[in-house]
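Presented below is the structure to which this report refers.
FYI, it's all coordinate maths here, none of it is from the lab. The shown structure was predicted, so the numbers you read here are calculated from the model rather than taken from an experiment. All Cβ positions, glycine included, derive from the backbone under ideal geometry; neighbour counts span all protein chains shown.
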Amino acid sequence: MTDDRAVFRFAPSPNGELHLGHALSALVGHDWARRIGGRFLVRIEDIDEARSRGHFIDSILEDLAWLGLEWEKPELRQSQHFADYAAAAQRLQEMGVLYPCFATRGEIALAVARATAAGVPEQMDPDGAPLYPGLHRGLSADEIAACRASGDRAALRIDMHKALAVAEAKLAGRALTFREISADGRARVVDANPARWGDAVLIRKDTPASYHLAVVIDDARQGVTHVTRGADLFAATDLHRLLQVLLDLPEPLYHHHRLLYGAHGRKLAKSTGAPRLKDLRAQGLSRSAVRAQVGLPER
C-alpha cells in the first residue's frame with residue numbers, strides 16, 4: 001500500500017557519533033517511507049547546547065548519506081525553535097498544568113530517601129528514576145517570587161493530576177490511547193498511562209525544553225505521521241500523547257522497533273562504546289554489511 005501523505009523522520013542528537021543502533025533506527029524509518037512512497041526527514045535535536053557540537057552534525061549527515069539515505073533539506077534544528085517550545089510551555093501554564101520547581105537534585109534525592117526510610121514505598125518512573133516527591137508542587141505566588149528573587153533557577157514540571165483532568169475533559173469520555181503499528185502495517189490500540197511518569201520536567205533548568213515537549217512540538221510542526229523509534233521509548237509515548245491532547249496536536253502512528261544489544265547484554269549506546277559508523281566505514285565495511293549487522297535485508 002502506498003501513501004504519499006506519510007511523513008517519517010530520524011532525529012539524532014549531535015552529542016556524539018552515530019553507532020549501529022542509530023543505523024537501525026534510521027534505516028527502519030527510511031525503508032518504510034520508501035516502501036510506501038512517503039517522505040523522510042532528518043531532524044537535528046540540538047536543544048542541549050552544552051553537549052551539542054557542530055562537527056557531530058556534519059558526521060551524522062555523512063554517515064546517513066553513506067548508508068544510502070535520502071531526505072528532504074534543510075534539516076530542522078531544534079536550536080532554531082526555542083521560542084516555539086517556550087510558547088507551548090506558556091499555553092500549559094495558562095491551563096494551570098505547569099508549575100515551577102526550584103528543588104535541586106540533592107534536595108529531591110534527600111526527600112525520596114526520607115520518605116523511603118519512613119516506610120513509603122519508592123516509586124520509579126519508566127526510566128528507572130524515583131518519581132518526583134512533589135516538593136514544590138504547592139508553592140504560593142509569594143514563595144515563587146522569593147525563590148526567583150534569590151536567584152534560584154526553576155524547572156517547569158507538569159502537574160500530572162491536573163493535566164489528566166484537563167485531558168479527560170478534552171477527550172470527552174474517550175480513553176487516552178495511541179496506535180502502535182507493526183512493520184507489516186497492522187495497528188493495535190494501546191492504553192496510555194502518563195501517570196507513571198509523575199510530575200515530569202517539561203522545561204529544564206539548563207535547556208529551553210525537555211525532550212518530551214520538544215519532540216511533540218516538532219513532530220506536529222513537520223507533519224510527521226509515522227514515528228519510528230526504539231522500544232526504549234515506548235513508555236515515553238504515554239506522556240507524548242498527553243501533551244498532544246493538551247496542546248491540540250495531531251496524533252501520529254507509532255512503531256517502536258527492536259533494540260540492538262552488545263556482548264555485555266546492554267543496549268548499544270554511545271556511553272557503552274557501541275561501534276561507531278565512521279569507524280566501520282574506515283574499516284571498509286559496505287552498506288550491505290551494516291544492514292546485515294543490524295538484521296535488515298538488502299534493498
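State the extension gain, in nm to one decimal, for the chain segment bounded by ALA83 and LEU233, taking 0.36 nm per residue of separation less the distance between their alpha-carbons. Show your work: numbers first, answer last.
Working: separation 150, 0.36 × 150 = 54.00 nm, distance 2.55 nm.
Extra length available between ALA83 and LEU233 comes to 51.4 nm.
Measuring from a point 7 Å past the Cα of ARG174 along Cα-to-C-beta, which residues in segment 212-247 have an amide N at less than 14 Å?
Of the residues in segment 212-247, 241-242, 244-247 have backbone N under 14 Å from the label point off ARG174.
Any idea what angle helix 160-171 forms with the longest principal axis of the chain, computed on alpha-carbon atoms, 0 to 90 degrees, nearest 10?
70
Can you tell me the Rg and the Dmax, both Å, for the Cα atoms in segment 65-133?
Rg, Dmax (Cα atoms, Å): 19.9, 57.
Cα extents of segment 77-217 along the three principal axes, largest first, in whole Å?
On the principal axes, segment 77-217 reaches 54, 43, 31 Å in Cα extent.
Where both partners of a DSSP beta bridge lie in the chain, what percent of those bridges are antiparallel, to the nearest 5?
Working: 14 of 28 bridges.
Rounded to the nearest five, the antiparallel share is 50 percent.
Using r as the Cβ-Cβ distance of ARG114 and SER182, and R0 as 41 Å, what FRET efficiency do you calculate, to the nearest 0.05?
Values: r = 45 Å, r/R0 = 1.10.
The pair ARG114/SER182 has a calculated efficiency of 0.35.
Any chance you could check the Cα centroid distance between segment 89-158 and segment 13-78 for me, in angstrom?
34
Please compute the Cα-Cα pair-distance distribution of segment 22-118 with 5 Å bins starting at 0, giving whole percents from short to long.
2, 10, 13, 13, 12, 12, 11, 11, 8, 5, 2, 0
Rounded, prolate or oblate: pick one for segment 1-67, where a ≥ b ≥ c are the square roots of the eigenvalues of its C-alpha gyration tensor, a/c under 1.5 means rounded, and failing that, prolate if a/b is larger than b/c, else oblate.
On the way: a/c = 2.91, a/b = 2.01, b/c = 1.45.
Note, shape of segment 1-67 comes out prolate.
Order of 24-35, 288-299 by packing, highest average Cβ count within 10 Å first?
Values: 24-35: 21.4, 288-299: 13.7.
So the order, starting with the most tightly packed, is 24-35, 288-299.
P(r) tail for segment 190-272, what percent of Cα pairs lie past 21 Å? Let's see the in-between values first.
On the way: 1289 of 3403 pairs.
More than 21 Å apart: 38 percent of the Cα pairs in segment 190-272.
Classify segment 158-229 as rounded, prolate or oblate, taking a ≥ b ≥ c as the square roots of the eigenvalues of its Cα gyration tensor: rounded when a/c is under 1.5, otherwise prolate if a/b is larger than b/c and oblate if not. Intermediate values should be presented prior to the final figure.
Details: a/c = 2.03, a/b = 1.19, b/c = 1.70.
Oblate is the answer for segment 158-229, as a/c is 1.5 or above yet b/c matches or exceeds a/b.
To make sure I understand the rule: partners must be lysines, Cα under 22 Å from the Cα of LYS267, and not fewer than 8 residues away in the same chain. Which ones qualify?
Candidates past the 8-residue exclusion: LYS278.
In the chain, what is the volume of the convex hull around the alpha carbon atoms, normalised per residue and reported in Å³?
On the way: hull volume 46.7 nm³, N = 299.
So the per-residue Cα hull volume is 156 Å³.
When the helix-only estimate is applied to the chain (DSSP H runs of n ≥ 4, each -39,500 (n - 2.57), divided by the residue count), what is the mean residue ellipticity at 222 nm, nearest 500 deg cm²/dmol? Don't jump to the answer; show the numbers that get you there.
Values: 10 runs with 113 residues, N = 299.
-11500 deg cm²/dmol, from helical runs alone.
Among 66-77, 94-105, how do they line up by average Cβ neighbours within 10 Å per residue, starting with the highest? Walk me through the intermediate numbers first.
Working: 66-77: 15.0, 94-105: 17.0.
Top to bottom by mean Cβ count within 10 Å: 94-105, 66-77.
To the nearest 0.05, what FRET efficiency results for HIS257 and GLN90 with a Förster distance of 35 Å applied to their C-beta separation? If you can, show how the numbers build up before the last one.
Details: r = 35 Å, r/R0 = 0.99.
The value I calculate is 0.50.
Using a 7 Å offset from the Cα along the Cα-to-Cβ direction at both ARG153 and ASP4, what is the distance between the two label points in nm, to one decimal?
4.8
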